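Below: one structure, written as structure tokens.
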Amino acid sequence: MSKLETNTIDTVSGSTTLTLGGTNATTIVQDSATTVTGFKSTGIDDNATTNALTIDSSSNLKFNSGFGSVATAYGVRVWLRYDQVNNVVEASGGVSSVTDGGAGVYTINFTNTMPDADYALSGWSGRNAKPIVTGSSNQHNVNNIVINTGSINSSGNIVTADVDDSTVIIVK
């Protein structure tokens with residue numbers, strides 16, 4: 001049987017008694033002055049010796065998905081599939097808007113401000129010949145990031161150009 005642990009229970013319906021645990025259960029009887037404190041983390045137990053998924057006291061989501069240990073998960077905060085040629089956002093998450101900055105340049109404006117500018121960027125371009133997608137290092141902000149797309153010519157130089165299929169993810 002799986003076990004669910006939680007830091008807060010907002011509502012207990014149908015009873016004024018809440019029992020926590022099995023063999024050594026703790027019973028809490030509801031009254032107007034009852035406050036329960038001291039829970040260290042929230043976790044879901046997969047019947048293994050440790051929790052499979054937890055939220056620690058710093059609100060970090062941690063899980064073990066076959067990697068051998070429970071570790072902090074870093075989520076994709078922003079993702080975008082963008083057609084620069086037609087200036088169309090084809091699909092996105094965490095994106096408030098995209099600003100066209102000219103040939104091979106666009107700015108992804110974030111729906112939510114990043115905690116800091118130390119996030120990771122990964123991208124892909126649908127351009128056929130040696131595609132590139134890069135973030136402008138001097139324009140890596142908490143509210144947005146400038147993206148450059150194009151290709152590398154036979155001399156090894158970057159040639160910026162609009163592409164019809166550019167995909168970006170930002171992880172923090």
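The values are calculated or read from the model by the stated rules, or taken from the named source; none is laboratory data. Just so you know, these numbers come straight off a predicted model, no measurement behind them. Note that we place each Cβ from the backbone using ideal geometry, even for glycine, and neighbour counts take in every protein chain shown. Surface areas here come from the heavy atoms of the whole protein model, side chains and all, with no ligands, DNA or RNA. Shrake-Rupley method; radii C 1.70, N 1.55, O 1.52, S 1.80 Å.
Here are some notes:
- Unique match (being surrounded by 17 or more Cβ atoms within 10 Å (Cβ to Cβ) and at pLDDT below 85) among 94, 135, 68: 135
- Output for the range 145-162, where each listed residue is among the hydrophobic types (A, V, I, L, M, F, W, C) and either part of a loop (DSSP other than H, G, I, E, B) or surrounded by fewer than 18 Cβ atoms within 10 Å (Cβ to Cβ) (or both): 152, 158, 159, 161
- Qualifying residue in the range 164-171 (condition: open to solvent by less than 60 Å² (accessible area, probe 1.4 Å), out of contact with any Asp or Glu (no Cβ under 6 Å at 6 or more places or on another chain) and modelled with pLDDT under 80): no
- Tally of residues being open to solvent by less than 70 Å² (accessible area, probe 1.4 Å), assigned to a strand (DSSP E or B), closer than 26 Å to residue 161 by Cα and in contact (Cβ under 8 Å) with a residue 12 or more places away in the chain across the range 71-90: 4
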